[in-house]
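Taking it in order: structure first as structure tokens, then the write-up.
The values are calculated or read from the model by the stated rules, or taken from the named source; none is laboratory data. Small disclaimer: the values here were computed from a predicted structure and weren't measured. Here the Cβ positions follow ideal geometry from the backbone for every residue, glycine too, while neighbour counts run over all protein chains shown.
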Amino acid sequence: MNIIFIEPSLPNNQREFVRALHGIGANIYSVGERPYNWLDPETRGWLTHYQQIKSVTDEGALEWAVRDAQSKVWIDRMECTIEAHQMPAAHVRERCGIPGTSSRTTYICRDKVAMKDVLRNAGIPLAASGAVASLAEARDFATRVGYPLVIKPRDSAGAAGTYRVNSENELEHVAHQSGVADGASAAIEEFIEGHEGIYDTLTVSGEVRHEFIGHYYPGVLEAMRHRWISPQLISTNEVESDRYAEVREMGRRVNTALGIETSPTHMEWFFGPKGLKFSEIGCRPPGVGQWDSYCHGNEFDLYREWALAVCHHTTDVRPSRRYACGIIALRPDLDGRIAGYEGTDRIFEKYGDHVVGQHFPEPGTNTQQVEAGYMANAWMRVRHEEFDVLKSILNEIGETIKVRAH
């Protein structure tokens, strides 16, 4: 099996997809933006061939690299796992006659407005939403729906470029800041009060083979705006319980409506006074190294399961559901350089057996802005057999560990 895999080294967990493909015997023809010698030796050893191009989002350059590989061997599949790479990959895949997720499915999973139009027609419960390209259109939407609202790029990932709008004055400010007032098209939607969670799958030929459910504490928009918060994302080990039946059912209906065949998915949902509501979906794995939480929580190799799915349209291991597993972001007290840490010895002495991943940048390292994400600075990944106990441990970590900067 000859597979083209786009961008094998950045972010760090990209190498896990390469490892998994190599582990099941695939020949990996990889395309990336970094010089070959910048790849770590182990990753280089897994690759059959590597082609550097200036940008993997440049469709012309990507198509050249793909056709060059096709001139040497038959290419069975082309895969990418990063949101920004998906549309170029879909277009090139179709032009080069390589099986995989269609450009239509990729488009409606990328474009928030098209996505919600399709799902609304399929009867999926979701917030009132639409597209606006002027301040007048945004005001008309606000008049119909009321405040608060959310304005975001049509192709955003996570909370990037996302604004909560609570009043007409804020709407005018955000319309100018986001470019809507100047004619840029953006997604606008009703702000849904409630708890925010995720539903992720590995789907093979349209059938959900693996599914996972997690919870944000607090919601992403709030977590990405306030330095003092040490946000958590916790995956539950009670996925198959009745309490999650509605989430599972909705997520499967979403995958079907969007035409997802063999692919990972990452869906977000809200549950509050108006019941369960769909938020958005990506036809890709989640960020925040979340697949590592699924691996540690379920005592299996999800990356290998993905490799089997894309290469052979199968999976062969059942997740154990033994542990809940979660990540907590630990933010520096100010921007600058890392000066040191407080409270780490106490936490590792008490909970070290439960820690399955960690990152504490060396003193002197430049800090990253809060908006850069959960893994931008220090973080810890922890598991426990009881969800509520795990949450209390993560709360204690957030209250105890201090990241000092100067």
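Could you grab me the full set of residues in segment 286-340 that are small (G, A, S) and modelled with pLDDT under 95?
In the first step, residues of segment 286-340 are kept if they are small (G, A, S); the result is 287, 289, 293, 297, 307, 309, 320, 324, 326, 329, 336, 339-340.
Those that are small (G, A, S) and modelled with pLDDT under 95: G287, G289.
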Margin query: Pairs needed: first member in segment 17-28, within 13 Å of N2 (Cβ to Cβ) and in the same structural domain as W74 (by TED's automatic domain parsing); second member anywhere, among the aromatic types (F, W, Y) and not in a strand (DSSP E or B); C-beta distance under 9 Å; at least 6 residues apart or different chains.
Written below: L21/W46; L21/Y303; L21/W306; H22/W46; I28/W46
Notebook entry, point to check: What is the number of the single condition among (1) within 27 Å of M224 (Cα to Cα); (2) within 25 Å of the chain's Cα centre (by Cα); (3) of a type in the set (K, R); (4) in a helix (DSSP H, G or I) that R120 does not meet?
Noted result: (1)
Checklist line | segment 376-385 - residue that is under 20 Å from N13 (Cα atoms) and at pLDDT 95 or above and, of those, surrounded by the most Cβ atoms within 10 Å (Cβ to Cβ) | finding: V382
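Need a quick list: strands (runs of 3 or more DSSP E) entirely within segment 303-369 having at least 2 residues that are over 25 Å from I198 (Cβ atoms). Don't jump to the end; show me each part of the working.
Numbers: elements: 324-330, 338-342, 355-359.
Qualifying strands (runs of 3 or more DSSP E): 338-342.
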Item checked: Pair list, Cβ < 7 Å and 6+ apart or interchain, from segment 244-256 residues that are closer than 15 Å to G282 by Cα to residues that are at pLDDT 95 or above and in a helix (DSSP H, G or I) -> V254/L119
